[in-house]
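See below for the structure under consideration.
The values are calculated or read from the model by the stated rules, or taken from the named source; none is laboratory data. This one's a predicted model, so the numbers in the text were calculated from it and none came from an experiment. Note that each Cβ is placed from the backbone with ideal geometry, even for glycine, and that neighbours are counted across all protein chains shown.
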Amino acid sequence: MPPERMTDEFEPGDLPDVPRPREQTALVGHGDAEAALAGAIGSGRLHHAWLIGGPRGIGKATLAYRVARFLLAHPEGGRVAENLAVPAQHPAARQVAALSHPNLVALRRLKPPGAKSLPTKISVDAARKALELFGSTAGSAGYRICIVDSAEDLNANSANALLKMIEEPPPRSLFLIVSHAPGRLLPTIRSRCRALTLRPLVSGEVASVVAGFPAPFVPPEPAGLERAAALSEGSVARAVAMLDPATFGLVTEVEGLLARLDHPDWRRILALSEKLAARDADDLFATSLDTVFRFVSDELHRRKDEPPARLAALVEVCDKIARAAGEAATYNLDRRPLVLSLFGDLAGAMRAAA
């Protein structure tokens with residue numbers, strides 16, 4: 001059972017009643033990635049920095065903490081193992097779950113004392129404080145480990161602070177850098193890391209992870225779990241979101257509107273735009289965009305044998321939607337015109353591709 005959380009103890013990526021990555025000792029999928037890390041550890045030639053990339057919610061941070069847990073549980077080194085499993089009752093596992101091990105630090109966004117919300121970026125002061133671990137004597141034998149979760153949260157100064165450390169790492173130091181978009185990182189950071197790309201889970205693996213969450217998580221009905229896993233695109237976080245009735249209802253509504261692009265129902269589209277324009281609708285808006293992009297992707301795949309010129313309008317609309325959504329988020333713009341133009345542009349693109 002995951003440790004009980006205080007009501008204000010929120011961290012990026014938290015899901016209601018779901019264990020955090022550092023609290024999970026099981027890893028579903030990613031056997032090849034785990035084997036690569038286990039082999040590097042067993043060889044005694046473990047690279048000092050690993051860039052663990054892939055979409056959100058597929059287990060990147062879970063794998064990073066699994067590596068840290070194994071190394072901290074076996075500080076003597078030289079251990080050859082088929083996998084990196086450590087029992088949940090092991091002292092190192094409990095210390096990793098609590099982030100209390102003297103040789104482990106997690107570089108992530110944290111809410112400052114007295115603040116009402118999380119910062120949008122990891123400050124350079126936070127990075128320097130976390131990296132102090134590598135300027136001191138290790139608390140015990142073995143590796144000193146930093147997990148960055150995630151690299152996208154670093155600002156320019158904190159990214160440079162990390163870069164300086166991985167350019168000249170102290171002996172027996174390890175940096176596990178989680179990234180949802182590795183291509184956007186500083187090239188100098190990427191060049192000093194061993195890349196390890198994780199693929200989205202298959203729907204059965206997603207369902208297995210969700211079904212295995214301990215209390216207080218309430219197991220979903222099998223039909224609901226199957227539907228959520230099918231819509232998850234390999235992301236456990238997305239599957240959990242799809243279990244929410246409001247999110248599920250929104251996806252169903254958007255899918256229904258997309259199915260009628262030949263005769264758009266503007267009354268329902270206008271109602272949807274009002275719902276997505278609400279101040280507390282950020283997650284629902286993101287989900288609606290994901291549903292649209294999935295629809296276009298499926299349409300392009302279905303028609304993959306057709307001339308590319310016929311499908312170009314669909315690709316252009318997706319690019320336009322992505323740019324408009326980014327501008328709306330950056331400048332806090334009204335989403336209603338964006339939603340209305342989205343369906344209008346898609347309807348036009350579908351006619352052009354007919």
Of all the residues that make up region 57-79, how many are in contact (Cβ under 8 Å) with a residue 40 or more places away in the chain and either outside any loop (DSSP other than H, G, I, E, B) or over 26 Å from the mean Cα position of the chain (by Cα) (or both)?
16
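Residue by residue, here is whether (1) crowded, with 17+ Cβ neighbours inside 10 Å; (2) assigned to a helix (DSSP H, G or I) holds:
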{"site": "Thr291", "(1), (2)": "yes, yes"}
{"site": "Phe295", "(1), (2)": "yes, yes"}
{"site": "Glu306", "(1), (2)": "no, no"}
{"site": "Arg310", "(1), (2)": "no, yes"}
{"site": "Leu314", "(1), (2)": "yes, yes"}
{"site": "Val317", "(1), (2)": "yes, yes"}
{"site": "Arg323", "(1), (2)": "no, yes"}
{"site": "Asp334", "(1), (2)": "no, no"}
{"site": "Ser341", "(1), (2)": "no, yes"}
Counting only residues that are surrounded by 14 or more Cβ atoms within 10 Å (Cβ to Cβ) and of a type in the set (Lys, Arg), which one in region 165-216 is modelled with the lowest pLDDT?
Arg172
Of (1) polar (S, T, N, Q); (2) surrounded by 17 or more Cβ atoms within 10 Å (Cβ to Cβ); (3) within 21 Å of Leu37 (Cβ to Cβ), Ser123 satisfies all except one. Which?
(3)
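Restricting region 283-303 to residues that are of a type in the set (Asp, Glu) and more than 17 Å from Ala239 (Cα to Cα), which is farthest from the chain's Cα centre (by Cα)?
Checked region 283-303; the qualifying residue farthest from the chain's Cα centre (by Cα) is Glu299.
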Yes or no: region 126-137 includes at least one residue that is outside any helix (DSSP H, G or I) and either in contact (Cβ under 8 Å) with a residue 24 or more places away in the chain or buried (at least 22 other Cβ atoms within 10 Å of the Cβ) (or both).
no
